[in-house]
Amino acid sequence: MGGVVGWLLILLAPLIGGVLYGMERKLKARMQRRAGPPLMQPFYDFFKLIDKRPMVVHSLHGYLGILHFLGMWLALAVLLSGGDLLMVIFMHLLANSFLIVAAFSVRSVYSQLGGMRQLLAILAYEPIFLLAGVGFYFLSGSFEAKAVFELSSAPLWAMWGIVIAIIIVMPAKLKKSPFDMAEAHQEIIGGAEIEYSGLFYEALYTARWLEYLFAYAFIVLFGGANWLLGLALAAVVFLLVTLVDNATTRLNWQQTVAITLGLSLPLGAINLLLIGIQ
Amino acid sequence: MRLERFRKKSPWILHYNAGSCNGCDIEILACLAPRYDVERLGILNRGNPKQADILLVTGPVTHRSRDRLVELYTQMAEPKVVVAVGSCTCSGGIFRHMYHVGDGVDQFIPVDSYVAGCAARPEQIIEGVARALEILEHKSHEIERPFQLRGPLYCSGEQTIRRQMAAKVSDETN
Amino acid sequence: MIKQLHIPLGSQHAALLEPLRLDFSTENERIVSVRSDMGYVHRGVEHACMNRFDFKKVPFVVARVCGLCAITHSTAAVLATEQIVECMVSERAQWLRMLALEFDRIHSHMLCLAHVAESSGYEALFMHTMMERERVMEAQEILSGNRVQFDYATLGGVTRDMDSQCAQALLAKVGALKSVLSGLRDRFEANWSTQMRFKGVGAITLEEAYRLGTVGPIARAAGVRTDIRIESSHLPYRALGFEPIVALEGDLYARNRLRLEEIAQSIELIERILEGLPEGAHLSKVRGRPKGEAMARIEAPRGELFYYVRGNGGAIFERLRIRTPTYANLKAFEAIFLGQEYSSIPAILASLDPCMSCTAK
Amino acid sequence: MIENLTLFLILGPALLALVVYGAPRRLYGPLVVLSSALLFSAALLAWLLHAQSVAIALPAWTHAAIVLLDFALIGYFLWVGVRQNHRLIVLLALLQGALLGWVLYALSAAPLAEIVVDKLGATLWLLVTGVGGLIAWYAVGYMRHESDSPRRQQAFVAILIAFLGVMNALFVADSIELFFLLFELTTLSSFILIGWRRDAASRLSSLQALWMNQLGGVLLLLGMGVIIWQGAPLFFSALLESQSGWALGAAAFLIAGALIKGAQMPFDRWLLGAMVAPTPVSAILHSSTMVKIAPFMVLKLGVLLHGTPLAVAVAYFGGFVFVAGAFVALARNHLKEILAYSTISLLGLMVMLSAVATPLALSAALTLILFHGVAKAMLFMEAGVLEKLHHAKSVDEMGGMLSRAPMSVFLVLLGFASITLPPFGALVGKWVAIEASAQSAFLFLFVALGSVVIALLYFKVAGYMLGKPGSQMGLTIERIPRVFSVTTLLLGVTLALSAILIAPTLVYLIVPAIEPFAPGSEIAHKGLTLMLPSGDLPFWQIVGAWLLLLLLPLAGLKRMRRVDRVREYSGGERIEMQPVTFYFPTPRWIVRAMAIIGAIFFGLIVLLGGVLWVA
């Protein structure tokens, strides 16, 4: 991406992410045969949350939530400005680390369990994303997202295994069934986000939008120079993830780690081996 | 921009059963289901007082649950509204004057909207919530406090410490 | 080094419809011990029935013990009381009571299934089940005039009679439900994630089920052939002719399947009741005051519901005792929880279908 | 000038140690600070002045001294073995003696220089004297909390300082004969220091460390034997110049010996046993300096290995240890054990990168060696502070440490962050590592998996420290003795500053050191922007991440005035909560399997050495 378009996207990221999140909620509701909330619902929530009386457990906890949002934005900026893909993933880890530290810093079992499960979710998806970064490197000779967007043949075709692997771990990243143990509303009531309220919860809420945009922007990379193909792929993955979210129960952490790592890591590795041979 | 407008558009709910017979609770659950689908109004059931705007209470408030109710209420950020769902929640109903019952939620916390009925029907519940939302739109950010089982509210400078707002959940009440 | 974590669940929790508190000690997330506290909803209904309410009002009061199985409470109270007052209940009234009970069973089982789905994170299935459940709620409304607390059973019969038009409407409702049941069953059983999540989870063995005195679907799912509908003769179930359904595995998966099969069975029973409904008055007059003691057993959706009443000729009962199915099952909860992952607990708890307001009264 | 500085850096510590040991009690603290400062300024000066490799020939009598010392050391080990009735040690000492005798017998006089000061050596001096000096200073404060007599405390610190000279010499020794002596001296010092507390556990651990390191010595001697057999001179520089198979064989033995010193699996036990020693021992010997011999040796010989099956074997071995070490550490409970295992793990990564031996990989390896040294030293020192001031050794006891020791916890978190998060040096090293290893098949898979497991490990431990038990109390800033706070803060500031200046640091510190081994490193910088051939790290990303990470403690100190404080949600109840995190027990068979795999790799390396030698 890069250039003016990239920076414009970065600036408007929360807006686009919000719409994306709204679309997801709407789509999910339609799949459950409900009317669902209006498309702009995330923004209504956004403005309502600003309006709430601010309340924190301790000030560090509140700050960490805001830092999580800023970190997520930074990670997204690195991605959209065409930066180094490995650094993108590390920045994302940085953003998440704030949330994890925040989760551990309060005296709430659910929050701490959430932090722990978030760590395990990272264990589940992070290697696959690093794998994808190396896959792009094999094709473009560079780790930069910029270079991927100049690939004339879409990486999708060569990196089929990695694409499937990423689709498998996508629910873990977006906290969707079947790998949404980190959030697990019925067990730990949102996990890491449980102690946040009002303005500070809003930081997490919007960080969630950015996370959506981040994940799907990563998928767009697989289209290479043909960004329309990339967008189409992202749309398909979006549908697929929502569909799977609507058709599965939540698995526990052992199952999640076993499935994601046991299935997608070998798949990605084999794919990479094939690319390497060529 | 008037932010108050948006309170109405995204009310998040906390549901607490304070000794109800389950009748109203399952009707609240039915509200979430596709037939009544309250999410189209932006309503989400959060199950977490800190992120909730509306407290839906069912039940006449038994002695065991009253301080839990107050505790949850004080953990909600203002502006907030309370909806009493069901006859027994409004006044104690059939359980009124039973020895272990507190005769209605409004004995403990300020209630904004009453939904009568045994059990309250989903349509009634939605209407009650809608009425509460009208009130929510005009509420200020002042701290609202429970009537009974009130703990101290410390202020140091501009900072309010609302940790002790509810009286302790003590062993005596168990 | 092994360190135990303490995970509390409740009293207010997103996975709970009713206040109840469980304190788990876990190793990682595996449960090693559990303490429970169930008394949050105690209102003193038994006490009130022995002090404040006329015996004629008691069926309506005990219906408020629990909204989910209100009709079973009032029916059981009525069946017990009718044994110690002068009263002739018509055959038709008995059949209508059975009808209401079966509707109640379906709606309760469906709620339980929906709750299991929700608690295991399968939101779409929760929505689906709740949507289909609305048919039963409507049927109950057609039958009695209200969705949940419908005070249908009363001393001497039932409060409302049913005409043929109403019967047709009910048949249409259950017919529609029957047609969607297989789809529901598919989503519960043929899904890879539900199989991973439910199979072998929250299991109880046949021997344990006997030893711990479980009742209802929990016992039947473990292979105990117990069903008060054919064991007692308070209601003419034997005329309908049916066999209790039994599963063997005793796990969450088996309980789900058992409930789905019982729903199908209840639909069948409803159809038989509506076909063979005898003519007669739906309500007869009750004379005199309760004197002596009596008991009634009834198969509530959760298992055996037991009522004991004693009157001394006054308008108010001398003693009223309710023993609810969840109370009987409580002992088994701990055995079921131990060794499970904390992440399965909400689903297991939902599938045990505890009714705290029944238990605490 | 360089020659004099070199002499000072090698011999000075021994003299300074004598002074420190003999100094009156009152003066010894300042003296330690002074010697540390002297040594570091000498190293800094040497680094600044260093333009090209300088060869220093030692006078002939040093040969005799080296031989004498060698036999004295072996004799001492033999005596220890006999006295402690440890057959393995006796056996290994005898073996070493025989081998050494044979090597010396076959040795022809060597005309080459004995010490070659290259930029790599000068850079590593910075690490040894900088971090080592601070640790010595820290040890002054630490030993006050021990039950030792003042004299013994001074002896302890003196040994630490003398040890710095050994390390300084080790990194510039060109003569393998000299290298062997220094290697044996490090063995001796770890034996003495691990056994410092003189209890049963210390005794066992020190004996274990001794025999394992002796085995390393035997392997070194075997490598020397191979060289002698071919009649080649016993010098690294000569070894590097010969392209024949036997040189590879010798290199394999030398590397195998060094890997034992680096506690690579299956020889990880001795480093773990080292945690019974006073914490400065762990900090100086086992995290920041001594164990670095393993990657250093591979780095030095990496060019020779490049493109051979031996390099592949060593690289995969390193990659395996990286993942396995991190995995095993997950199950550990003592903070020092966790740190030790993560050291082993990261050493594996450095070994792997050194074996890959492209300019980029070598730069990554050196970056990791330096920044891991700084971070680990700080972490160990903080572990010592927590142990001495707060009596917490195991992670369980550190529940809610934040409210009691915010300063220490902050520094521990900084140390963790510096290894796992951008823009810190170690993470940038890892980043370069992936970019470098991506070129060679599947090594990066190890890097990817290992770094995630390490992140899991560190955040798990951080979770313990952050979770607050009991009632909600404000932070109480603890009183830390100035020795502790100054030394650790200095390291922390180094980490923080080097993070924002990472691009110039890499270009001016790392690249020149690597240049002689693998010319053509393509690391460049433009302002704060770091540029690699396969991708840039623009300044705004570095600054952004840096601000985020440093904004946090600053903002956290400022209390939010107008925001209500509220209690945590607990279902309406009020409960006293203990902090919780998971533990990941490693089943016995996995540990065993890992040791076996490590042993197989290790055997493979030695076997390859043998085969290459014969071929």
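Near the amide H of B:Ala166, within less than 5 Å, lie the amide hydrogens of B:Gly151, all on another chain or at least 5 residues away, with H placed in the peptide plane. Taking all protein chains as shown and a probe of 1.4 angstrom, C:Lys331 keeps an accessible surface of around 130 Å². For the chain pair C and D, buried accessible area totals roughly 1200 Å², probe 1.4 Å, rounded to the nearest 100. Interface area, chains A and D: about 5800 Å² of buried accessible surface, summed, with a 1.4 Å probe and ligands, DNA and RNA left out.
Count Lys and Arg as plus one, Asp and Glu as minus one, and take only other residues whose Cβ is under 11 Å from that of A:Leu251; the net charge is then 0.
Given the rule -39500 (n - 2.57) for each run of at least 4 DSSP H residues, summed and divided by the residues of chain B, what is its mean residue ellipticity at 222 nm, to the nearest 500 deg cm²/dmol? Don't jump to the answer; show the numbers that get you there.
Working: 5 runs with 49 residues, N = 174.
That calculation yields -8000 deg cm²/dmol at 222 nm.
For the protein assembly as shown, B:Cys21, B:Cys24, B:Cys31, B:Cys88, B:Cys90, B:Cys118, B:Cys155, C:Cys49, C:Cys69, C:Cys87, C:Cys112, C:Cys166 stand unpaired, since no other cysteine beta carbon lies under 4.7 Å from theirs. Provide a list, ordered by number, of residues in segment B:66-83 showing at least 10 Å² less accessible area with every protein chain present than when their chain is taken on its own, using a 1.4 Å probe. The answer is B:Arg68, B:Glu71, B:Leu72, B:Gln75, B:Ala77, B:Glu78, B:Pro79.
Sequence-distant contacts, meaning Cα pairs under 8 Å at least 6 residues apart, place the relative contact order of chain B at 23 percent. Taking 16 Å as the straight-line reach from the Cα of D:Lys430, the lysines in range (excluding those fewer than 8 positions away in the same chain) are D:Lys376. What FRET efficiency do you get for D:Ala201 and C:Gln83 if R0 is 60 Å and r is their Cβ-Cβ distance, rounded to the nearest 0.05? Step by step, r from the Cβ atoms, then E = 0.15.
Rg then Dmax, both in Å and based on the Cα atoms of the protein assembly as shown: 36.7, 127. Shown are A:Ile164, C:Ile336, whose ranking by accessible area with a 1.4 Å probe and every protein chain present, most to least, is A:Ile164, C:Ile336. Each of D:Val543 and B:Ser156 was given a label point 7 Å from its Cα along the Cα-to-Cβ line. The distance between the two points is 3.7 nm. Label sites at D:Ser242 and D:Ala106, each approximated as a point 7 angstrom past Cα along Cα to Cβ, lie 1.0 nm apart.
Label reach from D:Glu522 (point 7 Å along Cα→C-beta): in segment D:408-448, amide nitrogens under 13 Å belong to D:435-439. By the rule of a C-alpha distance below 16 Å, with chain neighbours fewer than 8 residues away ignored, the lysines paired with B:Lys50 are A:Lys48, A:Lys52, B:Lys80. Shown is the FRET efficiency for D:Arg87 and C:Glu27, computed with R0 = 56 Å from the Cβ-Cβ distance and rounded to the nearest 0.05: 0.85. Shielding of A:88-94 by partners, i.e. mean partner chain Cβ atoms within 10 Å per residue? That average works out to 6. 3J(HN,Hα) couplings calculated from phi for segment C:336-351 with the Karplus curve 6.51 cos²θ - 1.76 cosθ + 1.60 (θ = phi - 60°) are, in sequence order, 6, 5, 4, x, 8, 7, 4, 5, 8, 4, x, 5, 4, 4, 5, 6 Hz; Gly and Pro show x. Each other residue within a Cβ distance under 13 Å of D:Met167 adds +1 if Lys or Arg and -1 if Asp or Glu, for a net charge of +2. Ligands, DNA and RNA excluded, the heavy atoms of A:Trp7 present near 120 Å² of accessible surface to a 1.4 Å solvent probe.
Could you grab the relative contact order for segment C:43-353? Cα pairs under 8 Å, six or more apart, rounded to a whole percent.
On the way: 577 pairs, mean separation 88.4, N = 311.
About 28 percent, as a whole number.
With every protein chain in place and a 1.4 angstrom probe, the accessible-area ranking of D:Met407, D:Met401, largest first, reads D:Met407, D:Met401.
Can you compute the helix-only [θ] at 222 nm over chain A? Use -39500 (n - 2.57) per DSSP H run of at least 4 residues, normalise by all residues, nearest 500 deg cm²/dmol. Rounded to the nearest 500, the figure is -24000 deg cm²/dmol.
What is chain D's relative contact order, in percent, from Cα pairs under 8 angstrom and six or more apart in sequence? Before the final figure, lay out the partial values.
Values: 984 pairs, mean separation 91.2, N = 615.
This gives 15 percent for chain D.
Tell me the carbon and sulfur percent of the accessible area for the protein assembly as shown, rounded to whole percent, probe radius 1.4 Å. Let's see the in-between values first.
Working: 27950 of 44470 Å².
Here carbon and sulfur together make up 63 percent of the probe-accessible area.
Straight-line cross-link reach from C:Lys331 at under 20 Å between alpha-carbon atoms covers these aspartates and glutamates, not counting any fewer than eight positions away in the same chain: C:Glu18, C:Asp23, C:Asp37, C:Glu207, C:Glu208, C:Asp227, C:Glu249, C:Asp251, C:Glu299, C:Glu304, C:Glu341, C:Asp353.
Projecting label points 7 angstrom from Cα along Cα→Cβ for C:Thr205 and D:Phe71 puts them 7.4 nm apart. Interface B-A: total buried accessible area of about 2700 Å², 1.4 Å probe, protein heavy atoms only.
Using only DSSP helix segments of four residues or longer, with each worth -39500 (n - 2.57), what per-residue ellipticity at 222 nm results for chain D after dividing by its residue count and rounding to 500?
Working: 25 runs with 438 residues, N = 615.
So the helix-based figure for chain D works out to -24000 deg cm²/dmol.
Annotation: per residue accessible area for chain D equals 33 Å², rounded to a whole number [probe 1.4 Å, protein chains only]. Note on C:66-75: average number of Cβ atoms from other chains within 10 Å of each residue's Cβ is 3. Label zone (D:Asp396, point 7 Å along Cα-to-C-beta; backbone nitrogen cut-off 20 Å) within segment D:305-349: D:328-341. Once all protein chains are placed together, D:Leu554 keeps about 120 Å² accessible to a 1.4 angstrom probe.
The values are calculated or read from the model by the stated rules, or taken from the named source; none is laboratory data. What you see is a predicted model; the values in this text were computed from it and never measured. Using ideal geometry, Cβ is built from the backbone for each residue, glycine included, and neighbour counts are taken over all protein chains shown. Please note that ligands, DNA and RNA were not included when accessible areas were found on the heavy atoms of the full protein model with its side chains. Shrake-Rupley method; radii C 1.70, N 1.55, O 1.52, S 1.80 Å.
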